[in-house]
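Visitor: This is the structure, below, for whatever I ask next.
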Amino acid sequence: MDPIVIVGGDAAGMSAASKFKRERPERRVVVFEKGRYVSYAACGMPYYVKGEVESLDDLLTVTPEEFVEERDIDLRLHHEVVDIGAERREVVVEGPDGRFSQPYDRLLVATGARAVVPPFEGMDLTGVFTMHSLPEAEAVRDFLLAEEPDAVAVVGGGYVGIEMAEAFDAHGVEVHLFEMLPHVMAPFGETVAERVEEHLREEGVRLHLDTAVERFVGDEGVTGVETGDEVVAVDLALVGVGVAPNTDLAEAAGIELGETGAIATDEYGRTSVEGAFAAGDCAEARHVVTGEPDHVPLALTANRAGRAIGQTMAGDETPVGEIAGTAVVKAFDLTAARTGIIDEGRAREAGFDPVSVTITDSSRAHYYPGAEEITVTMLGDRESGRVLGATMVGREGVAKRIDTVAVALHEHATVEALSYYDLAYAPPYSPVWDPVLTAAKVLDGKLV
């Protein structure tokens with residue numbers, strides 16, 4: 001029998017390979033990875049640049065040697081799949097020894113995503129970077145340490161931009177953050193954004209909001225960022241304006257894409273082509289609130305889907321699971337988190353009648369030392385009473401509280417039901433009525 005073939009060796013691909021081998025140890029699994037790293041923690045890259053993570057090897061979850069020697073996975077590094085012959089059930093591979101074909105029984109496309117490269121003039125200047133892989137993170141840190149820039153530009157106010165602003169600031173450089181929208185962190189909502197912006201300014205980050213970058217200035221190396229109104233002098237620029245799914249290989253093979261631009265899949269990760277699955281940042285998943293396909297490239301989504309597909313390919317059909325877009329971001333001393341749908345316009349488009357509340361509460365009992373403010377915005381549906389989503393921001397207690405709301409979303413819980421959840425209480429950790437419960441109580445009152 002032909003082997004299971006997996007294209008891409010990061011979270012989804014290696015999770016699938018590992019799960020399949022645990023279930024069917026007698027079967028062969030071949031993983032083709034065009035780079036030199038597999039199963040790495042991309043989310044840790046800003047902390048490597050910052051210096052809190054010492055080595056790139058620290059970001060490897062499992063080494064290539066461990067996959068080969070301990071898990072018996074046929075892992076081929078520096079091998080790029082350049083074509084999928086869906087009718088022939090084979091892939092064409094470019095490797096160090098040339099081109100060859102590999103037949104497969106089942107195929108998993110786990111090609112991930114890539115950093116969006118905007119059409120700015122000067123993107124090819126020395127000192128201008130994107131960062132969506134370990135080699136790119138290594139290049140940014142090497143340049144930072146070798147050239148010791150005085151000022152750095154971060155283009156994009158999303159996850160990467162916020163985390164990298166903190167990383168660069170730790171090296172004592174002047175940080176300019178450019179965002180073309182009126183606020184940073186648009187998916188988190190205006191309340192969170194304004195709080196984060198205030199804190200960034202307190203930390204010395206110079207914000208250029210509602211400001212579109214036109215080009216990077218310089219002869220060989222970058223010397224400035226031109227916005228139309230001015231040129232801001234910088235010696236390094238990091239562009240983090242989003243990611244796009246790597247779908248060219250799948251599309252060329254006749255695998256259908258969804259409306260989001262990512263690979264369309266069913267609840268088991270199967271694509272439109274017989275015997276072919278897709279998972280991770282290249283694939284869609286079903287949103288738990290809307291029930292519609294969505295593309296939210298996050299680490300846990302990729303790991304869960306890969307594991308489920310590995311189990312399905314082994315003979316036990318397992319759904320890849322729905323997504324809520326639950327995310328958390330560290331912005332210096334603040335934490336911002338979100339889950340579900342928090343934009344009223346999007347909620348209406350999905351057929352809901354949204355109602356929202358924003359409350360500010362204490363992270364601990366009011367009398368306990370060290371208590372900090374937490375601001376919670378929660379959205380519910382007037383007709384069904386369902387929880388639709390929430391955002392939070394504060395100095396402590398945010399990261400795990402958002403998970404309470406995420407659980408409520410996966411249960412399709414009502415706001416009233418959430419307000420009666422039996423959550424843990426002790427003065428050092430929470431008021432008697434946790435901020436999540438308080439927000440739900442207030443929102444439930446508005447839904448009546």
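Visitor: For 63, 211, which order do you get if you count the other beta carbons within 10 Å of each Cβ and list the fewest first?
Guide: Working: 63 14, 211 21.
Least to most surrounded, the residues fall as 63, 211.
Visitor: Next question, about the same structure. Just going by the charge dipole of the stretch 262-339, with Lys and Arg at +1 and Asp and Glu at -1 on Cβ, which of 336, 326, 311 is farthest out on the positive end?
Guide: The residue sitting farthest along the positive end of the dipole is 336.
Visitor: With charges set only on the Cβ (+1 for Lys and Arg, -1 for Asp and Glu), what does the dipole of the stretch 333-447 come to about its Cα centre, in debye to the nearest 20? Mind dumping the intermediate values first?
Guide: Numbers: 11 positive and 17 negative charges, 14 e Å.
The calculated dipole for the stretch 333-447 is roughly 60 debye.
Visitor: Rank these for me by crowding, 366, 176, 78, going from fewest to most other beta carbons within 10 Å. Present the calculation step by step, with values, prior to reporting the outcome.
Guide: On the way: 366 9, 176 22, 78 12.
So the ranking, lowest neighbour count to highest, is 366, 78, 176.
Visitor: Using only DSSP helix segments of four residues or longer, with each worth -39500 (n - 2.57), what per-residue ellipticity at 222 nm results for the chain after dividing by its residue count and rounding to 500?
Guide: On the way: 12 runs with 117 residues, N = 448.
The helix contribution divided over the chain gives -7500 deg cm²/dmol.
Visitor: If the elastic network links every pair of Cα atoms under 10 Å, which of 220, 322, 190 fluctuates the most in the Gaussian network model of the chain?
Guide: 220
Visitor: So how strong a dipole does the stretch 1-66 carry about its Cα centre when Lys and Arg Cβ are +1 and Asp and Glu Cβ are -1, to the nearest 20 debye? Intermediate results must be reported in sequence, preceding the final value.
Guide: Working: 9 positive and 11 negative charges, 72 e Å.
Around 340 debye, computed over the stretch 1-66.
Visitor: Further question on the same structure: Quick check for me: using +1 on Lys/Arg Cβ and -1 on Asp/Glu Cβ, what's the dipole size of the chain about its Cα centre, in debye to the nearest 20?
Guide: Approximately 1500 debye in magnitude.
Visitor: Out of all DSSP beta bridges in the chain, what portion is antiparallel? Express it as a percent rounded to 5. Don't jump to the answer; show the numbers that get you there.
Guide: Values: 53 of 86 bridges.
Once the DSSP bridges in the chain are tallied, antiparallel ones form about 60 percent.
Visitor: Something else now. Rank the residues 448, 415, 140, 231 as a footprinting-exposure proxy: fewest other Cβ atoms within 10 Å of their Cβ go first. Show your work: numbers first, answer last.
Guide: Values: 448 7, 415 28, 140 24, 231 15.
Ranked by crowding around the Cβ, least crowded first: 448, 231, 140, 415.
Visitor: FRET efficiency for residue 412 and residue 353, Cβ-Cβ distance as r, R0 = 22 Å, nearest 0.05?
Guide: Numbers: r = 16 Å, r/R0 = 0.74.
With a Förster radius of 22 Å, E is 0.85.
Visitor: Also: Place +1 on the Cβ of every Lys and Arg and -1 on the Cβ of every Asp and Glu in the chain, take the dipole about the Cα centre, and give the residue among 420, 160, 394 whose Cα lies farthest towards its positive end.
Guide: Going by the Cα projections, it comes out as 420.
Visitor: Just order 349-358, 325-334, 153-162 by mean Cβ neighbour count inside 10 Å, highest at the front, would you?
Guide: Values: 349-358: 16.7, 325-334: 19.6, 153-162: 25.1.
Highest-to-lowest ranking by the protection proxy: 153-162, 325-334, 349-358.
Visitor: Still on this model: Of all DSSP beta bridges in the stretch 117-241, what percent run antiparallel (nearest 5)?
Guide: On the way: 6 of 23 bridges.
Here the antiparallel bridges make up roughly 25 percent for the stretch 117-241.
Visitor: Could you give the distance between the Cα centres of the stretch 362-416 and the stretch 138-171, to the whole Å?
Guide: Here the two parts' Cα centres lie 32 Å apart.
Visitor: Take the alpha carbon atoms of the stretch 216-285, find their center, do the same for the stretch 52-83, and report the distance between the two centers in whole angstrom.
Guide: After rounding, the separation between the Cα centres reads 23 Å.
Visitor: Based on the Kirkwood radius over alpha-carbon pairs, what value in µm²/s does the Stokes-Einstein equation return for the translational diffusion coefficient of the stretch 117-241 at 10 °C and 1.306 mPa s? Could the numbers behind the result be given before it?
Guide: Details: Rh = 14.4 Å.
Rounded, D is 110 µm²/s.
Visitor: May I pose another question? Taking a cut-off of 29 Å between Cα atoms, list the lysines near residue 50, but don't count ones fewer than 8 places away on the same chain.
Guide: Cα-Cα hits under 29 Å: 34, 330, 400.
Read-outs: derived from the displayed coordinates by stated rules, not from any lab. Values in this document were obtained by computation on a predicted structure and should not be read as measured data. Using ideal geometry, Cβ is built from the backbone for each residue, glycine included, and neighbour counts are taken over all protein chains shown.
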